[in-house]
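Take a look at the structure set out below.
The values are calculated or read from the model by the stated rules, or taken from the named source; none is laboratory data. For clarity, every value in this text was computed on a predicted model and none was experimentally measured. Every residue, glycine as well, gets a Cβ built from its backbone with ideal geometry; the counts of neighbours run over all protein chains shown. Side chains included, ligands, DNA and RNA excluded: accessible areas come from the protein's heavy atoms. Shrake-Rupley method; radii C 1.70, N 1.55, O 1.52, S 1.80 Å.
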Amino acid sequence: MNRKDVIKDIDKILRTECDHCKMKELPGYRSSSSNRLSHHCINECEVGQKLQGMSVKLNDTLPRNMRKGKSA
């Protein structure tokens with residue numbers, strides 16, 4: 001899977017799943033400065049965990065010298 005395909009898949013998931021998430025409507029999760037929503041997405045949400053796995057694939061598609069923390 002190439003980088004462009006991974007980005008398209010991530011975008012599709014964000015549009016179909018995350019835009020309609022019920023957690024965004026709960027009090028305390030609405031604030032953009034709140035870390036509660038991001039904590040929920042990263043640690044408890046299946047979709048968030050799927051997106052994290054896809055981000056690993058995205059990083060693997062980068063040339064070695066462009067990866068964060070890697071030297072040429």
For the range 9-25, what does the Karplus curve 6.51 cos²θ - 1.76 cosθ + 1.60, with θ = phi - 60°, yield as ³J(HN,Hα) per residue in whole Hz, taken in order and with x for Gly and Pro? 5, 5, 4, 4, 5, 4, 6, 7, 9, 6, 5, 10, 5, 6, 5, 5, 8
Charge tally for neighbours of residue 49 with beta carbon under 15 Å away, counting Lys, Arg as +1 and Asp, Glu as -1, is -2
Counting only protein heavy atoms with a 1.4 Å probe and every protein chain in place, the carbon and sulfur fraction of the accessible surface of the range 3-61 in whole percent equals 52
Per residue accessible area of the range 1-63, 1.4 Å probe, in Å²: 76
Computed on Cα atoms, the radius of gyration and Dmax of the range 3-61 in angstrom are 12.4, 38
Residue 61 long-range amide H proximity, modeled H, under 5 Å: none
